[in-house]
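Contents: one structure, followed by commentary.
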Amino acid sequence: MIEFGKFYQQIALGPLASWLEVLPAQLAAWQRENLHGHFRNWQKTVDNLPLLTPQQLDLQQRVSADRDDLSERQRQGIEKLLRNLMPWRKGPYSLYGTHIDTEWRSDWKWDRVLPHISPLTDRTVLDVGCGSGYHMWRMVGAGAALVVGIDPTQLFLCQFEAVRKLLGGDTRAHLLPLGIEQLPELKAFDTVFSMGVLYHRRSPLDHLFQLKNQLVSGGELVLETLVIEGDEHDVLVPGERYAQMRNVWFIPSAPALSRWLEKCGFVDVRIVDFSRTSTEEQRRTDWMTTESLADFLDPHDSSKTLEGYPAPLRAVLVARKP
């Protein structure tokens, strides 16, 4: 059973305490309503995983855990249970001899982001659209005191809780099945990450204001998203699909996105990285066996999507709330 009581206790006396005015009721409603048809099976998988204390743990260079006293049968049992939670999209994870080769090499993205942000040591961090929580564990490895991830996808919650059990029940990170629009204006996080979310929002400026409303004064926003090449006036508005994704609304150029951030009241806006998404970074694997990036690009011209738009280019921007 996935419970949130420990998180409530953890935030009760800190800057997130006001969240308790609405959060328990929101999560109680979530547990009563709209559960995915497979959720109980996923939850049973999490319940059947052992709570293990790693002898070898690395959250700084990767997300890996192991101990020397597990039998081969125990290791095989862990892998079998983790496979019940497929598809795995964000990672990779190395857990007691099981290497979860996820669709995305999320570690590559983290390596691009980390050099450009303020140190996370002792910070309270929010990760919006966190997926299975891979980057949350890397934030813990970078010294964050508390990382809260939000993502409404129920499979991701179960994947996160599975990994948490195999990391010894670590309480420095928590995933809540919520969207950003369900959060009150907490103004309590030192750093807010929004990575791979903005282009899915019908109102991108509203999203930027929502992120700003979670930050303390002086807090840092780390924004990673699809962009196009161009100047501050260029924005792509795709048709029904972009790279076969239906819910892509606006893809600005990085200079245009900088202007958007400034318009929302952020200061010290910096474009710190560009990266063309490759079929080595996002691809089909044994842990995610359906279509991936190679299937979404023009087979005769990989610089274009199937729809004829520019192939995915991603940028990282960093900004501060005054």
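The values are calculated or read from the model by the stated rules, or taken from the named source; none is laboratory data. Quick caveat: nothing in here was measured; it's all calculated off a predicted structure. A quick note on method: Cβ atoms are made from the backbone with ideal geometry, for glycine too, and the neighbour counts reach across all protein chains shown. Areas reflect the complete protein model, heavy atoms only, side chains present, ligands, DNA and RNA absent. Shrake-Rupley method; radii C 1.70, N 1.55, O 1.52, S 1.80 Å.
For segment 22-33, state whether one or more residues are over 21 Å from Cys158 (Cβ atoms) and in contact (Cβ under 8 Å) with a residue 40 or more places away in the chain. Taking every residue of segment 22-33 in turn, at least one turns out to be over 21 Å from Cys158 (Cβ atoms) and in contact (Cβ under 8 Å) with a residue 40 or more places away in the chain. Select from segment 245-277 the residues that are open to solvent by 70 Å² or more (accessible area, probe 1.4 Å), touching a residue at least 12 places away in the same chain (Cβ under 8 Å) and either assigned to a loop (DSSP other than H, G, I, E, B) or over 26 Å from Ile117 (Cα atoms) (or both) and list them in ascending order. Of everything in segment 245-277, those that are open to solvent by 70 Å² or more (accessible area, probe 1.4 Å), touching a residue at least 12 places away in the same chain (Cβ under 8 Å) and either assigned to a loop (DSSP other than H, G, I, E, B) or over 26 Å from Ile117 (Cα atoms) (or both) turn out to be Asn247, Trp249. Every test in (1) open to solvent by less than 100 Å² (accessible area, probe 1.4 Å); (2) farther than 22 Å from Gly179 by Cβ; (3) touching a residue at least 12 places away in the same chain (Cβ under 8 Å) is passed by Ala12 save one, and that test is (3). Looking across Leu221, Leu211, Leu205, one residue alone is within 14 Å of Trp260 (Cβ to Cβ), open to solvent by less than 70 Å² (accessible area, probe 1.4 Å), not hydroxyl-bearing (Ser, Thr, Tyr) and not in a helix (DSSP H, G or I). It is Leu221. Within segment 37-75, the set of residues being aliphatic (A, V, I, L, M) and part of a helix (DSSP H, G or I) comprises Val46 only. Just one residue in the set Leu35, Leu59, Leu20 is out of contact with any His (no Cβ under 9 Å at 6 or more places or on another chain) and crowded, with 16+ Cβ neighbours inside 10 Å; that residue is Leu59. Taken over segment 130-165, the criterion of being open to solvent by 30 Å² or more (accessible area, probe 1.4 Å), of a type outside the set (A, V, I, L, M, F, W, C) and in contact with a helix residue (DSSP H, G or I) (Cβ under 8 Å, 6 or more places away or on another chain) is satisfied by Lys165 alone.
Number of residues in segment 85-125 that are part of a loop (DSSP other than H, G, I, E, B), within 27 Å of Phe189 (Cα to Cα) and among the aliphatic types (A, V, I, L, M) equals 2.
The set of residues from segment 106-135 being among the hydrophobic types (A, V, I, L, M, F, W, C) and closer than 15 Å to Glu224 by Cα comprises Trp108, Trp110, Val113, Leu114, Ile117, Leu126, Val128, Cys130. Only one of the listed residues (Leu52, Leu27, Leu70) is hydrophobic (A, V, I, L, M, F, W, C), within 21 Å of the chain's Cα centre (by Cα) and open to solvent by less than 50 Å² (accessible area, probe 1.4 Å). That residue is Leu27.
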